[in-house]
Amino acid sequence: MNLFQPTRRRMRALQFIPFIALLCSALLFPTKVQSKNYYADFETVRSYIDEGQLGRAERQLAAIEAEIELNEDLELEWSGLLHLTRAHLLFARAPSKEKEIRDVLGLAQSALTLQTASSAYADAWLLQLRVNAKHRDYQSVMVQVNEVINLALHYNDDELAIDALLFAANFTTQFGNSLISVEYLRRAIEIAEPLNSARIDANIDLSYGNFYTSVAMSEKAITLIAGARAFFKENGPQNKLIETLLVLARNYFQQSDWDNAESLYILADDYATHASLPSLKIKAAEGLARLYIVQQAYEAAYRSIETGQRLANSSLEKFTFASLKANWYLANNRLDLAEAAIQEAEIHHKQLPGSTRNSLAGLEIFLSKGELAAKKQNATESFQAMNTYRQLLITRIRSFVAGGIESLLAEMEYERVTNKNQQLTNRNTEYERQLEIAAERQRLQWMVLGLGLALAISLSLYVIRVLVQRKKLKELADTDALTGLLNRRAAVARSENWLKDARLNEVAFVIFDIDFFKKINDNHGHQTGDRILQQFSDLALANTRESDLVARIGGEEFLIVLPGCGTKKAAERAEKLRQVYATHTFINNLRVTASFGVASGHNVSFGKIYEAADRALYKAKETRNQVSLDNDSPYIEALVLED
């Protein structure tokens, strides 16, 4: 049989050979599916997010994700941008959900590192800074944001560069570095000018409004923010509109226009509640709390503080509202609760990054501590707290002024090296521009320094006033109003210190009482009696040592405490004073005598020596005009001091 002779069976088998070959080819050499370009789709989703159309952005992103998941190659190529866009959507919808945003950002950054370098990685980095900035130190954030700006410019992504510059401007403004903030804003304007974008211009106006607010230039701030508010109200997003309301409210607050400030804060709070944006609702609650405390609307202020504490997420937010609650308690003289609130604020203060602790907001705790100490009449502690605040404030002012000057010099050197030809060509124009910048910076420096000096002077005057008031209060609390002598409370306090002093061998008490003083009041009137009490006081001061204590401890009863004096010596001094009184002619030519009781001791309580001297006085009163000693004085042998 010829094997090559075609048969009907062989012919049927040969019909399947092309199909088998095609199947094997498909299995061994799969054809790559043509990849779709999704850049335009992701840009559309990002524009929806920027406009605040979050529902529409969510639906569009879900459709893109469904397409990408159908093909492994597409998923590998576009997963980085998919996760990055998802993170932006999460941040726009709920910026307080930091862990969820970080998780998605981590997936985006992992995928983007495996792909061709682009500005998308810088975009992810910037979003990560937005999420983490409030938990990070100022210097570390600024180093990274400058890297983001350089990457965006390297990849010619102007909009991302502007976004990073505005973030840097707002961040430096928040920490009081207004001079550096101006530089970032100027660079943003230069990049934005050829783009001719109304949305970018509105964002720049908002950042400039923040800057002018921080340096108390409210009129300029209100003018700029009004335009940004109109744009965001018409075009979205809602969070930017709320931010403009908050900045406007702050400026009206600075101008003491309470009605406008309150209405804008309330409007911002309502919008933030409706849009489910707790981070902005917290800022509205803070503004309302400060406004109501100034207006002394304490119930409304407390409600705003409670709202803020309930929503507070970061250490800075918790610190802010603990400080506000302390101020509220201080304003209402609830000092124990104020002290507890200050302690809570200090706990959160220690958890803040160093740059935040030393910012103007972080220094407020020292003001609260100073005010609490002043209300408790602790002048030393109040002065220490106020002095700490003053020193840290001056250090803060010097640091950011110096930082602004260094930034200016560095930028000028960079421009001189890299743009030498252009500077030579446009020498006059560039020179005038630099002069304007320098003049503006100098004006801002003087303004900041002036504010710092004014604050330092105000604090110094406040501390002096507190010390003077405290001295007057102490004198009033320790002095007998009629005679000017120490009163019983002050005499007890000072005597107990002497009785415990090991350097004193003995302390003597002399109690004397004016004889028949009631008859003087009855026969000659209380005015005569008061004058006699004053004359007795003057004679006692004139006939005692400077180291002795003279006090009025009752109606017509006086006490002399003689440190380092024994019973015998004290009795001699009492006898001398008795003779002075007996021979002196008092008002209305009256002759008035006194009876004296003497006792001494050491290392015993005030009460025991006082009782002994009082017993001796009681004995002297039996015959009047006498000096009597207590033979049972509770004397304890003094300690012998070693040289």
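Derivation of every value follows stated rules applied to the coordinates shown; laboratory data play no part. As the structure is a computational prediction, the values presented were derived from the model and not from experiment. Reconstructed Cβ throughout: ideal geometry from the backbone, glycine too, with neighbour counts over all protein chains shown.
Where does the charge balance sit around residue 368 when Lys and Arg score +1, Asp and Glu -1, over other residues with C-beta under 12 Å from its C-beta?
Working: positive: 325, 369, 375; negative: 339, 344, 346, 364, 371.
With Lys, Arg at +1 and Asp, Glu at -1, the neighbours total -2.
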Study note, to complete from the structure: Under Stokes-Einstein, the stretch 507-641 at 4 °C and 1.567 mPa s, with its Kirkwood radius over C-alpha pairs, diffuses with a coefficient in µm²/s of 86
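With a 10 Å radius around each residue's Cβ, average the other Cβ atoms per peptide and rank 276-283, 43-50, highest first.
Values: 276-283: 20.5, 43-50: 18.9.
Ranking the peptides 276-283, 43-50 by packing returns 276-283, 43-50.
Any idea what % of Cα-Cα pairs in the stretch 231-291 are farther than 18 Å? The partial results should precede the final answer.
Values: 491 of 1830 pairs.
Tail of P(r) above 18 Å: 27 percent of Cα pairs.
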Point to revise | Distance (nanometres) between label positions extended 7 Å along Cα→Cβ at residue 72 and residue 273 | key: 5.3
**Study point:** Candidate aspartates and glutamates for bridging to residue 318, where Cα separation is under 12 Å - those fewer than 8 sequence places away on the same chain excluded
**Key:** 286, 306, 344, 346
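Can you flag which of 500/619; 519/619; 97/376; 369/608; 220/375 are past 31 Å Cα-Cα? Could the numbers behind the result be given before it?
Numbers: 500/619 28 Å; 519/619 21 Å; 97/376 42 Å; 369/608 41 Å; 220/375 39 Å.
Pairs exceeding the cut-off: 97/376; 369/608; 220/375.
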